[in-house]
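The values are calculated or read from the model by the stated rules, or taken from the named source; none is laboratory data. Given the structure is predicted, the values throughout are model-derived calculations rather than measurements. Glycine also receives a Cβ, built like all others from the backbone with ideal geometry; neighbour counts cover every protein chain displayed. SASA here: full protein model, heavy atoms, side chains in, ligands and nucleic acids out. Shrake-Rupley method; radii C 1.70, N 1.55, O 1.52, S 1.80 Å.
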Amino acid sequence: YGPSLRARGATSAPFPGYMLIGRGEEFAWTLTSAGTDIIDTYAERLCRGSRTRYVYKGKCRRMKTVNAGTIAKGEATVKVRYRETVHGPVIGYARVAGGKRVVALSQRRSSRGRETTDQIFFQRLSSGAVTSAQEFIDASAATPQTFNSFYIDERDMAFVTSGRLPVRRKGVNPDLPVDGRGKHEWRGFLRNAKHPQDISPDE
């Protein structure tokens with residue numbers, strides 16, 4: 001209870017008092033992990049005999065180096081750095097079909113850089129800004145994370161699967177590395193109205 005909070009439930013340490021699962025004065029909500037695939041691995045074609053240059057849209061580009069700070073390792077302090085392509089952090093290297101050609105593997109995650117926007121959804125729930133099942137579904141569009149979220153009040157019940165769900169080009173298999181040279185990029189993200197959802201289903 002506070003100036004803008006009217007909720008009881010469960011939360012986690014990083015959240016500033018917003019409930020992940022709980023109830024307000026007029027409704028209750030809960031969620032489960034959806035596990036929807038929002039990550040693709042890209043095989044980056046290396047160029048000029050380098051492990052830090054790669055081909056993207058016909059040009060040989062240099063990977064960025066990201067300094068991620070330091071971590072404690074026993075009594076020592078270790079600097080953390082990683083390389084990055086246009087698709088995301090480089091997570092390793094692999095040989096093509098067991099041959100001599102080496103590719104870099106990078107990962108693109110649709111929620112990257114948007115993690116804190118997840119709190120907007122739970123802020124609206126915890127503050128009582130949501131007043132109907134439809135507003136609950138609309139509010140879920142703020143989170144890039146993949147959850148199955150459920151809602152109930154005295155009139156309705158509802159569910160929605162949230163997340164920033166990439167629309168992949170035809171022929172892309174998300175279970176396998178994608179050619180990273182630029183012809184297999186995401187075509188956008190699924191509109192919230194197209195996400196699995198329903199209000200007061202009959203069955």
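Accessible area per residue for the chain, computed on protein heavy atoms with a 1.4 Å probe, is 61 Å².
Close Lys pairs in the chain (alpha-carbon distance under 26 Å; sequence gap of 8 or more, or different chains): 14. For segment 118-157, the square roots a ≥ b ≥ c of the C-alpha gyration tensor eigenvalues yield an a/c of 1.5 or more together with a/b not exceeding b/c, which makes the shape oblate. Using C-alpha pairs below 8 Å separated by at least 6 residues, the relative contact order for the chain is 23 percent. Comparing Arg112, Arg45, Arg81 in a Gaussian network model of the chain where C-alpha atoms under 10 Å apart are linked, the largest mean-square fluctuation is found at Arg81.
Each other residue within a Cβ distance under 15 Å of Thr116 adds +1 if Lys or Arg and -1 if Asp or Glu, for a net charge of +3. Are there chymotrypsin sites (Phe, Trp or Tyr not before Pro) in segment 80-189 that DSSP puts in a loop and that have at most 13 other Cβ atoms within 10 Å, and which ones? Answer by residue number: there is no such site. Across the accessible surface of the chain, with the other protein chains kept in place and a 1.4 Å probe, carbon and sulfur atoms take up 49 percent. The gain in end-to-end length when the Ala76 to Arg8 segment is fully stretched comes to 20.2 nm, 0.36 nm per residue minus the alpha carbon separation. Spin-label pair Arg61-Glu154: with each label point 7 Å from Cα along the Cα-Cβ axis, the two points sit 5.6 nm from one another.
For the chain, the Cα gyration tensor yields ellipsoid semi-axes of 41, 22, 12 Å (square root of five times each eigenvalue, largest first, whole Å). Shape index of segment 37-105: Rg/Rh, with Rg the Cα radius of gyration and Rh the Kirkwood radius from the inverse mean 1/r over Cα pairs, equals 1.06. Convex hull volume of the Cα atoms of segment 1-76, normalised per residue: 262 Å³. Coordinate range of the alpha-carbon atoms in segment 45-154 per principal axis, descending: 65, 43, 25 Å. Taking 7 Å steps out from each Cα toward its Cβ at Thr116 and Val102 produces label points 3.8 nm apart.
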